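In what follows, a single structure is set out as structure tokens and then discussed.
Any read-out appearing in this document is the output of simple, stated calculations on the displayed coordinates, not a laboratory observation. What you see is a predicted model, and the numbers here were worked out from it, not measured in a lab. Quick reminder, even Gly has a Cβ in these numbers, built from the backbone with ideal geometry, and neighbours come from all protein chains shown.
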């Protein structure tokens, strides 16, 4: 027998650890890739939502008679019966759904519904939720307050004692607004109720293909093994798309009741209202250090703002090593949509607090913030990455390294800041089938979904590497719940779970082929070299070889093997450092990011180009979070004001700085894992630190819009 | 989503109001009124006369396509929802001219399909992302997007491909800042911008060297 599957040394690889063009690139760039949004079936209905636009109300009557009369309107589902309440702005806002022959007719139907309602106080802000006579919007069983204790640890009195003897103490109040995922493809499904080959088919924009059929069992009133979910392509998830949601259940129900396919994708305003968010937070942090810059104590008082959710915040000291820690965290419930997992849930919030505090310690001690980080991050990897990033951003030549700079006569100031990241990407349970056909074609199949990460490409590339083929020789099949099961894509687990299973399947296929080769070429299993479409006897004289096609011709029938997750091929423990260089206009408050640098490890890079894309993506989402994004409610009536991309800003081409995405090639681990979460964590903190470095103003309130920068510079106007 | 339940939606009512105001202009394009008299009548009677479904012919990617539209039907909806086979490359994302995912070319100019009435596009040359190339025969911009990984989830990609073609037609030698400006009508969430800029630069270089393949997209 040949040895267990292994990724092998970087130098021996022909396909992986290179820039690989995405296998679905040509379909995507030519508009041929079909997303759920694009599915068109004969006789299909389009569904649109009537939502309460404010946060809370008592529903007295829903009159759909006029709507029913409209041409094209086929079916109206009433979600809120008279006497019911809309309890929060979110999926509970759905009053009715109209299904019609066209999208326009469905909207006509929505507009024609007359709702008699009584508005209730909105309670969409934490201030309103905490007010003395606030209505209870915490709908958890037995709840008697909108504020609940989430966690409490450490001895505050002991911390106070330590702090008294500290060489440096910093205190800060962090304020972070709610952020949205903003997947460009909204949530939604196309449900085709006609049974074909024993299945009802559902097209879903999901990051959880294998986990979806079970979620439709109840609304479709059938067994989940007769429900097939298909996700050929999907337009972004970022943690918001694990569940079918109320919109999925309603699409299924309307399809079942009308007997017609139903296309129900959320509108953009629906999406902002009910498709989740990254929870906001307030953090009061006290951080103390000794004279050498070693952190000795941290105390945290924090609120998590997750609407109907509990919010996410891993708290202090986050990535840093601090011996004495005390922490109190509460959740403040409001009548707003629940937070969901969003790329590293809670971590960008916690990182912003601690990176700001650590930076303040460095300047308080007149020390280099890079050195203070090196001293307090336990990992050697972080230490070398700090050097890499400091060099790339030009830290050694920067004038203000231990004290902030000042604006020039024109009001402009330039600064550099840093932040650290880490993550423990999971790995488990995925499976993959590799099929080798007698004609030489190869199929690699697993249910997984490609959120834009490039998963589909490595599903083919890993097999190509193992069998000495090119990526284009292997057909990757994904996004289908009838394929071998795969994990949901959350917490950077996809690569760590799927890649080992794919590798295992490819390795088994290779061994099975080598067993067929033994009578032909003479060597035992494990004694062959697969390279450039040829198989030859390892350590042979070169004469004993066959082409790939000739090998496959030895097969009488397709060879199918099932690969499973292998712990030995995976290791999840990753590190990153990022830096930002900014220009602050101290007269207008405008911040421009000039350059961002990130270095990231992840074990073996499967596709270097796709990794750089993801590192860029992490930096850009952090930049966007830091400079632009915030959910805004009208406090008085509870309207969600930022319900489209005109008022909820995300970074566009003009905000882009020079970006340097570095793969940490000093990491030589022969293992794989995902890395997307880590890259989004420290960027906005690095930007805030760069603003301070530029002009001595500490931004503790996100986003760093001109008004917040001016307030930090000159006080509240 | 108007009515007593809340404020008027941006997507429906604004277009309807626009139509009322622009009734004469829509009719003048010859789509909805065949002669001067009915055109006048249409203008006088306003939206009532403009309601209903009308068959129009649109020239899309060099092909004449018959499609039934309502006066309020956007070009994006005509392409995606009303043609058979549908052209779903252009995407509906914001439905209000904020993101560029629906960008198409009309008579050489990039426009937002979600902000353009289908009825007003008759007689004009419309090019969608599908018209620039196919997976087997990509345009130079499309190929460069693949080569530089200027795409991730791919949902904004058709809009960016079309916008990049338009940008390079308008400013063949655009520097990086000009490119950012030219593409600033489009948004991406995954973070593909740096690689899109690299793709555009690669196209500029290959076109300058005269080695660019398929310089002109089909149907233009």
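Evaluate the distance, in nm, between pseudo-label points positioned 7 Å from the Cα of residue A:148 and of residue A:60 along their respective Cα→Cβ axes.
3.4
What full-extension length gain, to one decimal in nm, is calculated for residue A:368 and residue A:34 as 0.36 nm per residue of separation minus the Cα-Cα distance?
Taking residue A:368 through residue A:34 to full extension adds about 115.1 nm, to one decimal.
Counting only Cα, what are the radius of gyration and maximum Cα-Cα distance Dmax of chain A, in Å?
Rg then Dmax for chain A, in Å: 27.8, 88.
Evaluate the distance, in nm, between pseudo-label points positioned 7 Å from the Cα of residue B:171 and of residue A:475 along their respective Cα→Cβ axes.
Roughly 4.4 nm, to one decimal.
Considering only C-alpha atoms, what is the centroid distance from the range B:66-102 to the range B:140-177, in Å?
Taking the Cα centre of the range B:140-177 as reference, the centre of the range B:66-102 is 21 Å away.
Calculate, for residue A:157 and residue A:403, the FRET efficiency according to 1/(1 + (r/R0)^6) with r their C-beta to C-beta distance and R0 45 Å; round to the nearest 0.05.
With R0 = 45 Å, the Cβ-Cβ based efficiency is 0.85.
Shape call for the range B:133-208 from the C-alpha gyration tensor, a ≥ b ≥ c root eigenvalues: rounded (a/c under 1.5), prolate (a/b greater than b/c) or oblate?
Verdict is oblate for the range B:133-208.
If one computes the Cα centroid of the range A:504-581 and of the range A:439-462, what distance in Å separates the two points?
16
When the helices in chain A are scored as -39500 (n - 2.57) per DSSP H run of 4 or longer and the sum is shared across all residues, what 222 nm value do you end up with, to the nearest 500 deg cm²/dmol?
-8000 deg cm²/dmol
Only counting other Cβ atoms within 10 Å, I'd like A:223, A:108, A:19, B:149 sorted with the fewest neighbours first.
Neighbour counts put them in this order, fewest first: A:223, A:19, A:108, B:149.
For A:238, A:199, what ranking results if the residue with the fewest other Cβ atoms within 10 Å of its Cβ goes first?
Ranked by crowding around the Cβ, least crowded first: A:199, A:238.
Any chance you could check the Cα centroid distance between the range B:181-206 and the range A:356-418 for me, in angstrom?
Their Cα centres are 31 Å away from one another.
What does the average come to when, for each residue of peptide A:603-612, you count the partner chain Cβ atoms lying within 10 Å of its Cβ?
1
Got a sec? Which residues in the range A:212-241 would a label at residue A:196 touch, if it sits 7 Å along Cα→Cβ and we count backbone N under 13 Å?
A:228-230
As an exercise, use a Förster radius of 51 Å and the Cβ-Cβ distance of residue A:429 and residue B:184 to find the FRET efficiency, rounded to the nearest 0.05.
0.75
Given R₀ = 41 Å, what would the calculated FRET efficiency be for residue A:716 paired with residue A:666, taking r from the Cβ atoms and rounding to 0.05?
0.30
Starting from the Cα of residue A:101, step 7 Å along the direction of its Cβ; do the same at residue A:592; then give the gap between the two resulting points in nm.
5.5
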